[in-house]
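Working notes for the structure below.
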Amino acid sequence: MLLTYDMKDELTGFAHLETGGDGLFQVGKDGVQEILTPLDKKVEFIVFEDKTLCYVKSAMGYPAIYPVNKPKYEGNAKAILMDLDGTSVHSESFWMWIIEQTVARLTKNIKFTLEASDEPHVSGHSVSEHLQYCIDKYCPDQTVEEARKHYFAITEYEMNEILHGRGKMNAFTPAPGLKDFLYELKAKNIKIGLVTSGLYNKAMPEIISAFKTLGMGDPLDFYDAIITAGQALVKGQAGTMGELAPKPHPWLYSETARVGLGLTEEDKGHVLGFEDSSAGVVSIRLAGFSAIGINGGNIRKSGVQSLCLKEYDNLCDALPLILAKTFS
């Protein structure tokens, strides 16, 4: 069912626009009452009297429009959906460093570094979105296809170095409290899904490394479902869909919940999604679930904290909310 509530309550601090959706919508026309966007301007909310739509922009030229549904968390969680980078494993700085190395090659400037203002645009989205943003800003004469070649070559080399103990120190660090948090969920028979916009060859070494550090065994045996953005498209290897439909699109969370965990529409009030990025928070909300923000990512910098049901510094701080029989 589409929105029938006042969106203003959740879009606190969002900027007002006169036109949105790349010109598709205009305030005062065709029932559009307001158009609002967060600080990072990655999405736009088109508010009507009886519904609200979310226009998800695309640096790659493939935007999409989704209905926004009001989630209602009722307590006594049946399932938890967890982001990987920044929420379960602290690795965002490593992947932004890989982006820097890629742009350094494209610009032939070995001293290249990203600016602080780039962070919301190079974390939480797909590799291609990150690279396209950097190309537009730093080297418009280059192509995303050329950038991807460098990115995956650098990634393959660095991941191999890490696996052999020679790589960048502390690239993948388990989030504080991760082990206790996951074991408590297991003890309460709460299903756990791991959800990432990262490609398989990025994501699995991260979580395997974290589980090894924590002495937790094989994550494939532990989690009830793991959904990644699939396989990279490189020469000599078939790729899978994932680069044009990552977070903030709802599909990764939707697939983890419905296909991976077998959750139905009736279960949505007993599901929470955990994220540290603005793209992830929007993804959770568009999939129809309540979002829990984990501080330390770009949620506040991007201005989407009002879309979170709650925010916490540590995963374990959320256990009372998860285990509460009712929530209002």
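Odds and ends about this structure:
- Each semi-axis of the equivalent ellipsoid for region 278-328 is √(5λ) with λ an eigenvalue of the Cα gyration tensor; in descending order they amount to 19, 14, 8 Å.
- The chain - mean residue ellipticity at 222 nm from DSSP helices (-39,500 (n - 2.57) per run, n ≥ 4, rounded to 500): -9000 deg cm²/dmol
- Centre separation in Å (Cα based) which lies between region 254-296 and region 145-211: 20 Å
- Tensor-based shape of region 199-291 (alpha-carbon gyration tensor, a/c under 1.5 rounded, otherwise prolate or oblate): oblate
- When the alpha carbon coordinates of region 108-247 are projected onto the principal axes, the ranges are 54, 34, 32 Å, largest first.
- Fully extended contour minus Cα-Cα distance, from Asn314 to Asp30, at 0.36 nm per residue: 97.8 nm
- Too-long pairs where the Cα-Cα distance tops 22 Å, listed order kept, from Lys72/Lys202; Lys41/Lys247; Lys70/Lys186; Lys41/Lys168; Lys111/Lys202: Lys72/Lys202; Lys70/Lys186; Lys41/Lys168; Lys111/Lys202
- Charged-residue dipole, Cβ positions (Lys, Arg, Asp, Glu), region 223-299 about Cα centre, Debye nearest 20: 240 debye
- Directionally averaged projected area (region 186-237, Cα convex hull): 4.2 nm².
- The length gained by stretching the chain between Lys70 and Thr113 to full extension, at 0.36 nm per residue less their Cα-Cα distance, is 11.5 nm.
- The packing ranking of peptides 92-104, 143-155, highest mean first, is 92-104, 143-155, where packing means the average number of other beta carbon atoms within 10 angstrom of each residue.
- Couplings 3J(HN,Hα) of region 296-303, computed from phi: x, x, 10, 4, 6, 4, 8, x Hz, in residue order, whole Hz [Karplus 6.51 cos²θ - 1.76 cosθ + 1.60, θ = phi - 60°; x for Gly and Pro].
- Cα gyration tensor, region 1-124 - rounded (a/c under 1.5), prolate or oblate: oblate
- Cα gyration tensor category, rounded, prolate or oblate, for region 106-145 with a/c compared to 1.5: oblate
- Using the Cβ-Cβ distance between Glu146 and Leu220 with R0 set to 35 Å, the FRET efficiency works out to roughly 0.55.
- Where a label projected 7 Å from the Cα of Tyr62 along Cα→Cβ would reach, residues of region 228-269 with amide N under 15 Å: 229-234, 239-252
- Whichever aspartates and glutamates have a C-alpha closer than 15 Å to that of Lys108, once near sequence neighbours (fewer than 8 apart) are set aside: Glu100, Asp141, Glu146
- Over 16 Å [Cα-Cα, region 16-58], rounded percent: 24 percent
- Whole-number accessible area per residue in Å² for region 62-206, which is evaluated in the context of all protein chains at 1.4 Å: 45 Å²
- Using the alpha-carbon positions of region 137-181, Rg (one decimal) and Dmax (whole number) come out as 15.8, 49 Å.
The values are calculated or read from the model by the stated rules, or taken from the named source; none is laboratory data. Nothing here was measured: the structure is a model prediction, and the numbers come from that model. Because the Cβ atoms are built from the backbone with ideal geometry, glycine has one as well, and the counts that use them run over all protein chains shown. The area values use the complete protein model at the heavy-atom level, side chains included, leaving out ligands, DNA and RNA. Shrake-Rupley method; radii C 1.70, N 1.55, O 1.52, S 1.80 Å.
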